[in-house]
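Asks: Structure provided below as structure tokens; questions to follow.
The values are calculated or read from the model by the stated rules, or taken from the named source; none is laboratory data. Computed from a predicted structure; not experimentally measured. Note that we place each Cβ from the backbone using ideal geometry, even for glycine, and neighbour counts take in every protein chain shown.
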């Protein structure tokens, strides 16, 4: 059965617009796309140059000479007269031991000496008598030798007792611990009632005199030290307080805990505000050779710093990761990633795409 003529005409009327739309779409897809004109950018020519940057170092003030002091004999601490931070003089008493046992040793040595001294006169008299008899021939050689030996023993006993008494008195004097130098108490380990052992450190004294600035620096900086040994130093709490110094000691070993190398700088002068332990900042001029470019060249690519490079022949741009060594005023120092002569984009980097055609409107060295 054939469809009615009217139905066929309606179907034809509906299909014709659809075919027209499809034909127009096909014509649009087959027509050439309008190309984007070259993007205009500004660039600089990269060139390695010498530059100097001040590397900040954090440290503290320390005494040039710092000494540990302790008792030279064993005993129980009876008193302590100083605290941390006290300024002491050489003859000041820091602490004292209970002198009872030491005094007993002195009394015992004194008694031994007195006994030895009482034995000396009889021995001297016996020897003189035997000496007179020996010259007259009324005694034997054996008796004379025995008298002489007895005198020598008595004299040796007196000398030994005197030495023992001197040692006992010296030990008694060790019961009083004196500073021995002018300085400041920076550490204390002595407590009343504590038993002090011979040579055990009781106090640490920072001696009055020259001061050092102490820094813990990276091993890489110590391996390639700056040409100058001069350091500018400022107080962290008040940067207006400044002084200078010269490196006098670099530790030959690396701290295994921090991986740092300790450096000591002798201060030319010590301002009163730079007290022991005060935090300071040292500035060291570091000379190097790298690429110093405007800070506007930096672009973030994959979470890392990069720059856009213009190919001088194809006039297309590409992205290059770079290594940033440091930042200075309005500039960035690159230690790697670019080569001498590279044309680095400085303006328009946010609108660029890889392999895009560009037109360089300004190129400076």
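Asks: Give, as residue ranges, the strands (runs of 3 or more DSSP E) completely inside the range 256-355 that count at least 2 residues that are touching a residue at least 24 places away in the same chain (Cβ under 8 Å) and within 30 Å of residue 240 (Cβ to Cβ).
Replies: The qualifying strands (runs of 3 or more DSSP E) are 260-267, 279-294, 323-328, 331-336.
Asks: For the range 209-232: of the residues being surrounded by fewer than 16 Cβ atoms within 10 Å (Cβ to Cβ) and in a loop (DSSP other than H, G, I, E, B), which is modelled with the lowest pLDDT?
Replies: Applying the filter and picking the extreme gives 224.
Asks: Applying the selection to the range 90-109, what residues are surrounded by 15 or more Cβ atoms within 10 Å (Cβ to Cβ) and more than 27 Å from residue 190 (Cβ to Cβ)?
Replies: Result: 109, single match.
Asks: Does residue 341 satisfy the criteria of being loosely packed, with under 12 Cβ neighbours inside 10 Å and over 30 Å from the mean Cα position of the chain (by Cα)?
Replies: yes
Asks: Here is a check on your reading of the model: is residue 338 within 24 Å of residue 353 (Cβ to Cβ) and modelled with pLDDT under 85?
Replies: It is true that residue 338 is within 24 Å of residue 353 (Cβ to Cβ) and modelled with pLDDT under 85.
Asks: Moving on to the next point. Against the definition (touching a strand residue (DSSP E or B) at 6+ places or on another chain (Cβ under 8 Å), at pLDDT 95 or above and within 24 Å of residue 66 (Cα to Cα)), how does residue 204 come out, yes or no?
Replies: Yes; evaluated as a whole, the condition is true for this residue.
Asks: Take the conditions touching a residue at least 12 places away in the same chain (Cβ under 8 Å) and in contact with a strand residue (DSSP E or B) (Cβ under 8 Å, 6 or more places away or on another chain) and apply them to residue 167. Does it pass?
Replies: Judged against the criteria, residue 167 is not a match.
Asks: Can I ask one more? Can you work out which of the residues in the range 188-198 that are part of a loop (DSSP other than H, G, I, E, B) and in contact with a strand residue (DSSP E or B) (Cβ under 6 Å, 6 or more places away or on another chain) is surrounded by the fewest Cβ atoms within 10 Å (Cβ to Cβ)?
Replies: 192
Asks: Also: For residue 130, which of the numbered conditions (1) in contact with a helix residue (DSSP H, G or I) (Cβ under 9 Å, 6 or more places away or on another chain); (2) buried (at least 17 other Cβ atoms within 10 Å of the Cβ); (3) in contact (Cβ under 8 Å) with a residue 40 or more places away in the chain fails to hold?
Replies: (3)
Asks: Next question. Of the residues 310, 265, only one is touching a strand residue (DSSP E or B) at 6+ places or on another chain (Cβ under 8 Å), more than 30 Å from residue 187 (Cα to Cα) and surrounded by 14 or more Cβ atoms within 10 Å (Cβ to Cβ); which?
Replies: Of the residues listed, the single one that is touching a strand residue (DSSP E or B) at 6+ places or on another chain (Cβ under 8 Å), more than 30 Å from residue 187 (Cα to Cα) and surrounded by 14 or more Cβ atoms within 10 Å (Cβ to Cβ) is 310.
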